[in-house]
1. Answer yes or no: is there a residue in region 139-147 that is surrounded by fewer than 17 Cβ atoms within 10 Å (Cβ to Cβ), outside the structural domain of LYS187 (by the TED database), under 16 Å from the mean Cα position of the chain (by Cα) and at pLDDT below 80.
2. Which of the numbered conditions does SER181 fail, given that it passes all the others? Conditions: (1) in a helix (DSSP H, G or I); (2) touching a His at 6+ places or on another chain (Cβ under 7 Å); (3) exposed (fewer than 15 other Cβ atoms within 10 Å of the Cβ).
3. Looking for whichever is within 19 Å of LEU165 (Cα to Cα) and modelled with pLDDT under 95 here; the options are LYS68, LYS33, LYS41. Which one fits?
4. What number of residues within region 56-109 satisfy the criterion of being part of a loop (DSSP other than H, G, I, E, B) and buried (at least 18 other Cβ atoms within 10 Å of the Cβ)?
5. Please indicate, with yes or no, whether at least one residue in region 52-64 is closer than 17 Å to ASN175 by Cβ, touching a Phe, Trp or Tyr at 6+ places or on another chain (Cβ under 9 Å) and of a type in the set (Asp, Glu).
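The values are calculated or read from the model by the stated rules, or taken from the named source; none is laboratory data. What you see is a predicted model, and the numbers here were worked out from it, not measured in a lab. All Cβ positions, glycine included, derive from the backbone under ideal geometry; neighbour counts span all protein chains shown.
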Amino acid sequence: MAANLSISDIEDQVDNFIIRKPTHGPKSKDDLKEGPLIHEKIPLVLKDILRVSRDGEQEAVFTISINKAPCHFRTCIVYAFVAGECPHHKLYRRYILDDSTASLEASIATKPWKRTTIAALHNEAALLSNEESYKQISESMMRLLSASLEYVDPSAIRRGHSVLLHCRPNFFRGNISLEASSFFIDKGKPRKLEIAFADHYIDWHKSYKI
């Protein structure tokens, strides 16, 4: 199938690959061991995060009740409005998020090494663009690498933006916040991504069962 796609088609798919459809199984090889299925990237609203608790038996695993049944997960995705900025740190930036259900602080790692890697790859692609046989693919790579900087540099996030975060709850001194490993700044048509997330949230939660 991939052989039939043009470079521009592949770029469009990369740009549009944001939200996965809900899946609750089958279990992977690791999950076939005794114990509950542990999910990744479950859609949650901020009010849900406030109900999350740490799993008492497994490190970095969290639990939440969905449809009156326990759900175990490692990571989640949230969509929220950036209501404010907090004092930042060299290794992460901190924001106040609000999605109309609750407000929470979120920290996003700056990952300077990723910016360095992307810049190096961009320079290599630029060198290849001087050769006619590589020109088309190198220009495409440069566009994708330039776009990818938006996904690794949270300094572009400002109050008033809306963001989609891949994150995990963080418990510290009795307070709960979010730690994001990756993010997407919503610059699309008004509410398009917000509605897509809401649909994904509803579908996932309706279909969840043990």
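1. Yes: one or more hits.
2. (1)
3. Values: LYS68 fails: within 19 Å of LEU165 (Cα to Cα); LYS33 fails: within 19 Å of LEU165 (Cα to Cα).
On inspection, the qualifying residue turns out to be LYS41.
4. Taking region 56-109 first, the residues part of a loop (DSSP other than H, G, I, E, B) are 56-61, 67-68, 74-75, 86-91, 99-102.
Narrowing the set further to residues that are buried (at least 18 other Cβ atoms within 10 Å of the Cβ) leaves 75, 99.
Counting residues in region 56-109 that are part of a loop (DSSP other than H, G, I, E, B) and buried (at least 18 other Cβ atoms within 10 Å of the Cβ) gives 2.
5. no
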